[in-house]
Each structure stands twice: as C-alpha cells, then as structure tokens.
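K.L.:
Handing you this structure, nothing more for now.
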Amino acid sequence: MTFLILSDIHGSASCLETALASFENQADAIILLGDYLNHGPRNPLPEGWDTKRTAELLNARKDKLICVRGNCDSEVDEMMLTFPCLNAYTTITLPSQDGIRRIFAHHGHLYDRTKLTSWLSEGTIVLSGHTHVTVLEQENGLTYFNPGSISLPKCEDGQTCGILKADNGSITLELHRITGELLRELTV
C-alpha cells in the first residue's frame, strides 16, 4: 500500500495540483496533516492561493483521504470541505513482519516528543507537519517524518511532500519535492 503525505497546503491550489500530478497515480490513499485552506496570520499568501479551488481538489478525493486538524483549521473550513478533518490525530495500522506497525498522524502543534514517547509503543511511525521544516529521523524507538509544506517551506528542501510505502511488512518513507524529485528515504 502506498500513501501520499501532504501537509500545510494553506490554500495553495497550484501547489496541491503539482503534488497530485506528481504522485496521485501511485497512491492508494492520501494522508493530510492539516492546514488545508487558511494561510494563517504569520504566513504570507502562498503562490496559487485559491481556497475554493483547493477545497474542490480535496473534495474530489474525499474517498482516499485520511485527515487531521491543523492549527489553522476550524469549523468554517469543514463548511467547504465534504470530509471530516477536525480530529487532533488519527492512527493507522499496517501489517509488518512482527505483527502490526502503528502510524500516528497529527499536525504537530499539540503533542511534543516527550508526550509521544510516553504514549506510543516502540516502532511507531509519527507523521506531523506544522513547522514547514522536513524531518526524517529516529529517536527513542520512534520514527519521525515531517514532509514539510507543499506551499510555504521554511527549509532548504523547498516545497515538499512524502510517500509511505508498505510492502510485505517493510515500510519505506520518502521525502520528495512536489515536482517528483526524491530527496531522502528511510526504510523502517
């Protein structure tokens, strides 16, 4: 199974279209890590900012979406979006060589690593966004993956997204530019 992981869209329809054009055909599902429509008070308007078009693009894919709420998401966003997107976190389980592998997806603004380490079992993959800075690392038995922002990056990697591939009990995390270029990967 393959998941496309997107975070911090912030209403950029053009960046969302680029990421979808690059990766949607290979994805069985899409994990959205929050901040769908609103650009937030500290951020500039992203290129291609069009909240109505962004909502249309996401709504057309609602059957493939797994979503969590970002700090810029609110009840008014759910008036434009035709899928539930206001949960603080969600978990996904996948078969692994040792039984199951848990994926914990959240936006990243509510739970820090100390809390996650106390909550989650060893081997859990933690997906988060929020910082607009890419992360792909292991610490205290957990794997952390932040795919950055598709619209407003705050790191040298630029506009990025992630791919999670689960195959025969093995899981590979890939960090890509939204145009398709592979930047880093980690098999866990």
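The values are calculated or read from the model by the stated rules, or taken from the named source; none is laboratory data. Fair warning: this is a prediction, and the values are worked out from it, not measured in the lab. Heads up, the Cβs are rebuilt from the backbone with ideal geometry, glycines too, and the neighbour counts pull from every protein chain shown. Please note that ligands, DNA and RNA were not included when accessible areas were found on the heavy atoms of the full protein model with its side chains. Shrake-Rupley method; radii C 1.70, N 1.55, O 1.52, S 1.80 Å.
K.L.:
Just to be sure I understand the filter: pairs with C-beta atoms under 6 Å, separated by 6 or more residues or on different chains, first member in the range 3-29 and on the phi > 0 side of the Ramachandran plot, second member assigned to a helix (DSSP H, G or I) and buried (at least 17 other Cβ atoms within 10 Å of the Cβ). Which pairs pass?
P.N.:
11/51; 11/54
K.L.:
So residue 103 passes all but one of these: (1) out of contact with any strand residue (DSSP E or B) (no Cβ under 9 Å at 6 or more places or on another chain); (2) closer than 29 Å to residue 124 by Cα; (3) of a type outside the set (Lys, Arg); (4) crowded, with 19+ Cβ neighbours inside 10 Å. Which condition number does it fail?
P.N.:
So the condition that residue 103 fails would be (1).
K.L.:
Counting only residues that are over 17 Å from residue 85 (Cβ atoms) and of a type in the set (Gly, Ala, Ser), which one in the range 14-32 is most open to solvent (accessible area, probe 1.4 Å)?
P.N.:
21
K.L.:
Taking the conditions exactly as written (touching a residue at least 12 places away in the same chain (Cβ under 8 Å), farther than 18 Å from residue 12 by Cβ and surrounded by 15 or more Cβ atoms within 10 Å (Cβ to Cβ)), does residue 81 satisfy them or not?
P.N.:
Taking the combined requirement at face value, the residue does not satisfy it.
K.L.:
Do you know which residues across the range 140-167 are in contact with a helix residue (DSSP H, G or I) (Cβ under 8 Å, 6 or more places away or on another chain) and within 21 Å of residue 122 (Cβ to Cβ)? Show your work before the answer.
P.N.:
Initially, the range 140-167 is screened for residues in contact with a helix residue (DSSP H, G or I) (Cβ under 8 Å, 6 or more places away or on another chain), giving 140-142, 144, 150-151, 159, 161, 163.
Answer for the range 140-167, where residues must be in contact with a helix residue (DSSP H, G or I) (Cβ under 8 Å, 6 or more places away or on another chain) and within 21 Å of residue 122 (Cβ to Cβ): 140, 141, 142, 144.
K.L.:
For the range 143-165, which positions are surrounded by fewer than 19 Cβ atoms within 10 Å (Cβ to Cβ) and assigned to a strand (DSSP E or B)?
P.N.:
Passing the criteria: only 165.
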